[in-house]
1. Please verify whether segment 20-38 includes one or more residues that are small (Gly, Ala, Ser), surrounded by 13 or more Cβ atoms within 10 Å (Cβ to Cβ) and within 16 Å of the ligand (Cβ to nearest atom).
2. Residue under question is Gly115, and the condition is that it be surrounded by fewer than 21 Cβ atoms within 10 Å (Cβ to Cβ), within 23 Å of the chain's Cα centre (by Cα) and either more than 16 Å from the ligand (Cβ to nearest atom) or not basic (Lys, Arg) (or both); does it hold?
3. Can you name the strands (runs of 3 or more DSSP E) wholly within segment 128-229 that have at least 3 residues being within 16 Å of the ligand (Cβ to nearest atom), over 22 Å from Asp9 (Cα atoms) and outside the structural domain of Phe38 (by TED's automatic domain parsing)?
4. Given (1) closer than 18 Å to Ser198 by Cα; (2) more than 15 Å from the ligand (Cβ to nearest atom), identify the lone condition not met by Leu106.
5. Before we move on, is Leu294 part of a helix (DSSP H, G or I) and exposed (fewer than 14 other Cβ atoms within 10 Å of the Cβ)?
6. Would you please list the contacts, defined by Cβ atoms under 8 Å and residues six or more apart or on different chains, that run from a residue in segment 138-149 that is under 17 Å from Gln108 (Cα atoms) to a residue that is polar (S, T, N, Q) and at pLDDT 95 or above?
7. State whether one or more residues within segment 292-306 are within 45 Å of the chain's Cα centre (by Cα) and either touching a residue at least 40 places away in the same chain (Cβ under 8 Å) or closer than 20 Å to Val390 by Cβ (or both).
8. Looking at (1) surrounded by fewer than 13 Cβ atoms within 10 Å (Cβ to Cβ); (2) more than 18 Å from Gln103 (Cα to Cα); (3) modelled with pLDDT of 85 or more, find the lone condition where Pro169 falls short.
Amino acid sequence: MTSKLYWQDSHQIHFDARIASVATKDADLIVELDQTAFYPTGGGQPCDYGLINGIEVLNVEITDDERIFHRLKGNPGFEPGIQIKGVIDWNRRLDMLQQHSGQHILSQAFFQLYGAETKGFRIVDQATEIDLTLEAPPEEIETAIHKAEDLANQIVFSNRQVRLHEVSPEEAAKLPLRKESFIPDCVRVVEIEDFDWSPCGGTHVKRTGEIGLIAIRAWERAKRMTRVHFVCGARALREYRAAVGITDAVSRRLSVGRDEVESSLARLQDDNKKLSRRVRELAQLEANLTAERLLGAGIELNGKRVVTCSFDDKDFEDVKLIAHRLVDRESVIALLAAIEGDSVRLVFARSADVDEDINNLMKTACQSIGGKGGGKPDFAMGGGPVPEDVSNFLTSLISSGMRN
Ligand SMILES: [Zn+2]
């Protein structure tokens, strides 16, 4: 069993220890120490990083029988029995202290205000998450979140003392532990003065002021619970900077003040909707006119009018529209193509009173250019590599496919 220096003092970053055992994993050395200030991954909190005799510590893990193993980068050839000097990466440790103590406070705030229990907790790369038994309509959850955030920050700003108690299970049972976190083999309780008592093996701040700020960044429903994402301390500052940066960039683009960004964007979206509607109307109008013009240039074949045309300046959606307008008339077959760089997109259609199988014709066309396509007997689409002469290609389909 490794003695946990981080339990007594989460602010100790330098320590001496003796190597209890060594092992190798791939090219790395795994070192067990008699005592350590390195926090091993567990209880929702990732492990500490740092150095052992100047060698980088990549990972720290604890076994069920409380032995702590440090994975070093490479193999410096350390032997059991030698004395080492360890140093903890303080920036990462401080980050973990801020998130973890912040979590205890926020969980207690949700519990005091709404009786919501914390069923899960994880510190991840960008934020910290708790899963709460908090159920309400979205607007009420928004309000609940703001109230809990306010209460949590009052506790931070009042700079309360954080005390660590090593207790027997009997002593633990007498403490006002947060219900959801009660564990029968509790040996260590973290107390946030007059606010929260939680069994916990993690590293914590000495006073709540060290957390700086607790800011909730998002929430969602997950696994029939409310998952709250929040950031504390330096993470909250980074999040604030990023948020202000984005808002400022958008407000500069819109040439309005920060407060007007939302209304300005709403206006822009509104204008955009109106413009899109107008563009659709104009596209219909243009499709009608183009269909009219193409009909005039069509070929008469067995009582049907066959229209072929290839476009290199039109969107395929517009070409489809023209095909529809053409076959709205009686006895029309439309074979249209849109050239897009090295490829061609095809749309073939026929009027309801024509019995030609357009889908068959599309398959023949696609086969001959080495492309793919299909659809219904009266409307089919396809495409492939662009043939050398698209107009000729379309006209040749009339002679090859529609002789009957
Ligand atoms: Zn904890």
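The values are calculated or read from the model by the stated rules, or taken from the named source; none is laboratory data. Quantities reported herein were computed from a predicted structural model and do not represent experimental measurements. Positions of Cβ are backbone-derived with ideal geometry, glycine not excepted, and every protein chain shown enters the neighbour counts.
1. no
2. Working: surrounded by fewer than 21 Cβ atoms within 10 Å (Cβ to Cβ): yes; within 23 Å of the chain's Cα centre (by Cα): no; either more than 16 Å from the ligand (Cβ to nearest atom) or not basic (Lys, Arg) (or both): yes.
Against the criterion (surrounded by fewer than 21 Cβ atoms within 10 Å (Cβ to Cβ), within 23 Å of the chain's Cα centre (by Cα) and either more than 16 Å from the ligand (Cβ to nearest atom) or not basic (Lys, Arg) (or both)), Gly115 does not qualify.
3. Once the strands (runs of 3 or more DSSP E) in segment 128-229 are filtered for at least 3 residues that are within 16 Å of the ligand (Cβ to nearest atom), over 22 Å from Asp9 (Cα atoms) and outside the structural domain of Phe38 (by TED's automatic domain parsing), what remains is 128-132.
4. If we test Leu106 against (1) closer than 18 Å to Ser198 by Cα; (2) more than 15 Å from the ligand (Cβ to nearest atom), just (2) comes out false.
5. Against the criterion (part of a helix (DSSP H, G or I) and exposed (fewer than 14 other Cβ atoms within 10 Å of the Cβ)), Leu294 does not qualify.
6. Within 8 Å, the pairs are Ile141/Thr226.
7. no
8. Status for Pro169: all satisfied but (3).
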